[in-house]
Amino acid sequence: MRAPIRIKTLTIDGKEVSAREGETILQVARENGIDIPTLCYLEGLEPYGACRLCLVEVKGINRLLPACITQVEEGMEVITNSERLVKYRKMILELLFSERNHTCSVCVVNGHCELQRLAQKLGVTNIRYPYRYPNLPIDATHDRFVVDHNRCVLCTRCVRVCDQIEGAHVWDVMGRGINSRIIADLNQPWGTSDVCTSCGKCVHVCPTGALFEKGKAVAEMEKRRQFLPYLTVMRGGKQ
Amino acid sequence: MPPALIERPRVAPPSDDKRWRIVEGTMRRHGYQPHALIETLHTVQETFGYIDEDAMRFVAQSLRVPLSQVYGVVTFYHFFTLKPQGEHICVVCLGTACYIKGAPQILEAIERTYGVQPGETTKDGKLSLLAARCLGACGLAPVAVFDGQVVGKLSPEDALKQIRRWENDDGR
Amino acid sequence: MTVDELQQLAVKEQEEKQRYKCCINICVATGCIMCGSDRVKEALEEAVKERGLEKEVLVKGVGCLGLCSAGPMIYIEPDGIIYHKVSPEDAPAIVQGLISTPVERLICSPEMPFFKRQVKIVMENSGIIDPERIEDYIAVGGYQGLVKVLTEMSPSEVIEEVTKSGLRGRGGAGYPTGLKWSTVAKANGARKFVVCNADEGDPGAYMDRTVLESDPHRVIEGMVIAAYAVGAQQGYIYVRAEYPLAIRRLRTAIRQAERLNLLGNNILGTTFSFHIELRIGAGAFVCGEETALIASIEGKRGTPRPRPPYPAEYGLWGYPTLINNVETFANIPAIIRNGGSWFAKIGTEKSKGTKVFALAGRVVNTGLIEVPMGITLREIVFDIGGGIPEGKKFKAVQTGGPSGGCIPEQFLDLPVDYESLTKVGSIMGSGGMIVMDETSCMVDVAKFFVEFCMSESCGKCVPCRVGTSHMYELLRRITNGIATTGDLELLEELCDLVKNASLCGLGQTAPNPVLSTLRYFRHEYEAHILDKNCPAGVCAIQRLEEVPA
């Protein structure tokens, strides 16, 4: 016998909505046309909870909760767009822009970049923090793809897709704190990786121009992600 | 977790250096489970003094942990080092109590005299300078460790004297 | 071993000890070993032998006696004499002193407030028993708590007793221990784990290390009792690699307990089994955070994950896991032996029992102290600590390490308990207490802690990874005298973001040292920014002409 599906009712930004037990606030919000910005989250990959853009307020809880991970509960009152949340989101984007080098005008994903789109949508026009501009390498040793660490936001989508869907686990994070960086195998040139299958999933889930196809000029690189929901189904519907 | 009972084909060590047996011993004790990674890396570092690429490949294959994950773990934890250490090691504690009582001056004196930054080894490979988070000897601050010997209530001059002693020892 | 055999062993040990006329206890914890206590011990043994007193005088290595700044320390039983700053050359005189009059110049009065004002529960055996002999621990009533729970109590009665005691987590946050235990006990899981968090990373804190070095069996007993209460079969002690002596003593203690069947299968002949393994940390402060600690035990990078689910329901390898700090477990045997209501009588209404602090910095008596909750900061700093040396003026006391704050003079009469410390912008923390005088610059202190958090940040979430780096840069500008008032506003705004938006406790509390110094010492920040002056004379302020345009 199948376990009955439990239904929870809650409000998001004052709107009454219903949800299945086990759904996250983000899922329910999007089903109901309520937009919560995300960057590290990507449907089909295990949620990571690191970019903190999807933080929401829940009445009765004095901390902010990440919508991508927090499951709905009966009677929850969720606020997704308070003044404070909007301010934090803008600051987080400012931090990301100041962390590395995100000059859109010379980027292959200009116009197709999630970071750029978020900044436009939230109206981030000036960065008040000093640019750190670290001088990071660009690795073009792979036959078809390039990784430019200067554009990386450490969302780890590439790490997760390679591990959870492709099963190769080429990518991981090295170091820690502000010195963290994405690496292939033993921090070696991507082209020399023993395990990379050249499937290109990492390139297409990357939200910015950190991972792109060779031979693409400025603003030419579009990301294709149709495979994700399909592969998730193939894996037995497990997120 | 109890060790897994499945027998696995043995991965050949990078060389016939007998010390690899010690590393294999640690992995065997943990049933070659992936979660033995940090314990195994401790053994590698204890046995060889540092963790090089061969060691990482060997451990990764034996425990069936992806290479990038091994590298990620090694570089996450400050206790692990990818490069061989100098002949002598000086660790200066930079805990709060030591900081308040003048540890930065000790560090600066060593940096100036020997031209090394924390985490570096002198060109001749004689001295490695390290900075510790807190050695937990706050009652005796400021504190430094000279080749395993902990010395408390240190002045910059004392610290330099300790290091000069090594130079003299080697001269003999 | 059965329960009866354990009692016989205790009696036998006590009798054996009584055969000696007196006992010279010499501290062999890290602090005193650094001052050469191992050599003093050898010299004492030699001196005793020379005089042919081996049958009457026992020389014993014991745990910490507290006054670490005056090591090596010696405690003589049954006379109760305490010697300090002993050197190997003093050994013959000390042995002579056992027969004639004590050595006046080495005496450290046990009547001094440093000793008198303390109340010992966690450290009750410290300085009395040999930490490397399980028999010593058993002789002073060790493992009697375990006997009691295994023979007389049901798991739920154990939890009830712990709940009644009012014990709260000693790792810093102060979560009620009984509640945590009952959550794990109720959680569903094919297996359960008990983890002891001995990854004491706060700079300026060494309580846990000292407890492990002085009385390791106490922590093991606490863990076994906890395992019985929550239904766990396997335990881990996660201890810092920086504590080699504590690791060695723990290894010895686990082996001894296994040999006497106080750990392992069918403990004391009952159906209850519990095993403990050590896991050695590798230098990452963030691993003190529960979920990061779990990741590290699993052999991964120590990055935290969002909670809920809490480890009590979803912990090690997804199984319900109880994680408590060293000091929390060390309280358990006493609570079980004496009862929860005995413990609840000590301390304040909401904070029960005692707390061990590592008192350090600009204070006369630095060392390890155990005080009842509710004692005032003034009593700790000026009575126990003996005040500020060299006639300097008190400025602040820092509690809670990089997650805590600086408490200024006007709050010196504040009782030390979880709520009061939080109210003034600091936290109880794990027990580091650093005293600062007028020679400390509070902006520099804030910079020190932010630098710490920046380099210990795991880098997973954006606010902590990038935010602490900018906070550090802004503080560096202030201490260099090149900051503007706009920089100060930016700093305050960043503190607000990092505090509220970070993923784990490290990030959420990283701004505390800045916020608390801004709250009480804003004038020092302003002096750096407006007057280009460091009032304490610590910061190297750049003169205007040195600043590149």
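Answer yes or no as to whether A:TYR48 is within 24 Å of the chain's Cα centre (by Cα), crowded, with 18+ Cβ neighbours inside 10 Å and free of Cβ contacts under 8 Å to residues at least 40 places away in the same chain.
Taking the combined requirement at face value, the residue does not satisfy it.
For residues that are open to solvent by less than 60 Å² (accessible area, probe 1.4 Å) and at pLDDT 90 or above, scanning just segment B:147-161, find the one that is nearest to the other protein chains (Cβ to nearest Cβ). Give the derivation first.
Taking segment B:147-161 and keeping what is open to solvent by less than 60 Å² (accessible area, probe 1.4 Å), we get B:150-152, B:154-156, B:158-160.
Checking the rest, the ones that are also at pLDDT 90 or above come to B:154-156, B:158-160.
On the way: B:LEU154: 11, B:SER155: 16, B:PRO156: 16, B:ASP158: 14, B:ALA159: 15, B:LEU160: 19 Å.
Top of the filtered list is B:LEU154.
Could you grab me the full set of residues in segment C:447-472 that are within 8 Å of chain A (Cβ to nearest Cβ) and hydroxyl-bearing (Ser, Thr, Tyr)?
Hits for segment C:447-472 are C:SER455, C:SER457, C:THR468, C:SER469.
From the list C:LYS60, C:LYS12, C:LYS41, C:LYS85, pick out the single residue that is open to solvent by 10 Å² or more (accessible area, probe 1.4 Å), at pLDDT 90 or above and part of a loop (DSSP other than H, G, I, E, B).
C:LYS85
So how many residues does segment C:506-523 have that are open to solvent by 10 Å² or more (accessible area, probe 1.4 Å), touching a residue at least 40 places away in the same chain (Cβ under 8 Å), of a type outside the set (A, V, I, L, M, F, W, C) and in contact with a helix residue (DSSP H, G or I) (Cβ under 9 Å, 6 or more places away or on another chain)?
So the answer is 3.
Being closer than 30 Å to C:GLY302 by Cα, open to solvent by less than 30 Å² (accessible area, probe 1.4 Å), at the interface with chain A (Cβ under 10 Å from one of its Cβ atoms) and touching a residue at least 12 places away in the same chain (Cβ under 8 Å) narrows it down to one residue among C:LEU491, C:LEU475, C:LEU503; which is it?
C:LEU503
Working carefully through the options C:THR399, C:THR354, C:THR376, find the one that is surrounded by fewer than 23 Cβ atoms within 10 Å (Cβ to Cβ) and among the hydroxyl-bearing types (Ser, Thr, Tyr). So that I can check it myself, show each step before the final result.
On the way: C:THR399 fails: surrounded by fewer than 23 Cβ atoms within 10 Å (Cβ to Cβ); C:THR354 fails: surrounded by fewer than 23 Cβ atoms within 10 Å (Cβ to Cβ).
Answer to the check: C:THR376.
Does C:ILE276 satisfy the criteria of being more than 9 Å from every other protein chain (Cβ to nearest Cβ), surrounded by 24 or more Cβ atoms within 10 Å (Cβ to Cβ) and in contact with a strand residue (DSSP E or B) (Cβ under 9 Å, 6 or more places away or on another chain)?
When the stated conditions are applied, C:ILE276 does not pass them.
Residues C:VAL239, C:VAL195, C:VAL211: which one is within 14 Å of chain B (Cβ to nearest Cβ) and under 22 Å from C:PRO372 (Cβ atoms)?
Of the residues listed, the single one that is within 14 Å of chain B (Cβ to nearest Cβ) and under 22 Å from C:PRO372 (Cβ atoms) is C:VAL211.
In segment C:220-245, which residues are part of a helix (DSSP H, G or I) and either open to solvent by 10 Å² or more (accessible area, probe 1.4 Å) or among the polar types (S, T, N, Q) (or both)?
C:TYR228, C:PRO244, C:LEU245
It is to be established whether one or more residues within segment B:119-126 are farther than 21 Å from C:PHE452 by Cα, more than 11 Å from every other protein chain (Cβ to nearest Cβ), open to solvent by 40 Å² or more (accessible area, probe 1.4 Å) and part of a strand (DSSP E or B).
yes
Report whether or not B:VAL44 is open to solvent by less than 50 Å² (accessible area, probe 1.4 Å) and free of Cβ contacts under 8 Å to residues at least 24 places away in the same chain.
Yes, satisfied.
Consider A:LYS223 carefully, then state whether it is closer than 17 Å to A:GLU114 by Cβ, touching a residue at least 40 places away in the same chain (Cβ under 8 Å) and open to solvent by 30 Å² or more (accessible area, probe 1.4 Å).
Considered against the rule, which asks whether it is closer than 17 Å to A:GLU114 by Cβ, touching a residue at least 40 places away in the same chain (Cβ under 8 Å) and open to solvent by 30 Å² or more (accessible area, probe 1.4 Å), A:LYS223 comes out as yes.
Looking at (1) over 20 Å from C:THR291 (Cβ atoms); (2) touching a strand residue (DSSP E or B) at 6+ places or on another chain (Cβ under 9 Å); (3) open to solvent by less than 10 Å² (accessible area, probe 1.4 Å), which is the one condition that is false for A:CYS68?
Only one criterion is unmet by A:CYS68, namely (1).
Checking the structure you have, find out if any residue of segment A:195-205 is surrounded by 20 or more Cβ atoms within 10 Å (Cβ to Cβ), assigned to a strand (DSSP E or B) and in contact with a Leu (Cβ under 8 Å, 6 or more places away or on another chain).
Checked against the condition, which is being surrounded by 20 or more Cβ atoms within 10 Å (Cβ to Cβ), assigned to a strand (DSSP E or B) and in contact with a Leu (Cβ under 8 Å, 6 or more places away or on another chain), segment A:195-205 yields no hits at all.
The values are calculated or read from the model by the stated rules, or taken from the named source; none is laboratory data. Worth saying up front: this structure is predicted, and the values here are computed from it rather than measured. Every residue, glycine among them, receives a Cβ derived from its backbone with ideal geometry; neighbour counts consider all protein chains shown. All accessible areas refer to the heavy atoms of the entire protein, side chains included, with ligands and DNA or RNA removed. Shrake-Rupley method; radii C 1.70, N 1.55, O 1.52, S 1.80 Å.
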